[in-house]
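Structure first, then comments.
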Amino acid sequence: MKEIQEIFNELKEAKREQSEIRAEYKDALTQNQEYQELVEKLDELKLRKKELETIAQSQMGTRWDRIDDLKMTIADLKQIQNDIAMTTLMEGKPVEVVDEYNNLYEPNFSVSFKKTSAKQIEEKPTPQDAPPQITTAEETSETEDSEIE
């Protein structure tokens, strides 16, 4: 089985290559005149779509405003549900919920990696790799004097 660092390195390389290919693709599209014209048309249509959406939202009034409240409530409830599931799981108890159609749901956990603020990990020499420390007689006597005081 591969080590996690090996997989991490392969993943980074695949993402780098994917990014390069996407850049080439984007460059090829920008060279195409017909594509550029379609993009401009699409932008105009998006603007018109946004205008129509804004009109519909204003016609709905307070009912539309309720959407933002519901988004916050849903986010809060999901966080509480996740916290309870994690706590229950850590207590060694089974975690599952049932919907109105008697469908059973169980938690699905995933792990992701996030870059830390440290730029690189400094390798510290192990005791067998570390060079021996040499102390002089003066350093030894100073240390002994300070310990006596």
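Where a number appears in this text, it was derived from the coordinates with a stated rule and is not lab data. Only a predicted model underlies this, so the values are computations on that prediction, with no experimental measurement involved. Neighbour counts run over all protein chains shown; Cβ positions are idealised from the backbone, glycine included.
Near LYS46, within a Cβ-to-Cβ distance under 12 Å, what is the net charge of the other residues, with Lys and Arg +1 and Asp and Glu -1? Around LYS46, the surrounding residues sum to -1.
Counting only lysines at least 8 places from LYS12 when in the same chain, those with an alpha carbon closer than 30 Å to its own are LYS2, LYS26, LYS114, LYS115, LYS119, LYS124.
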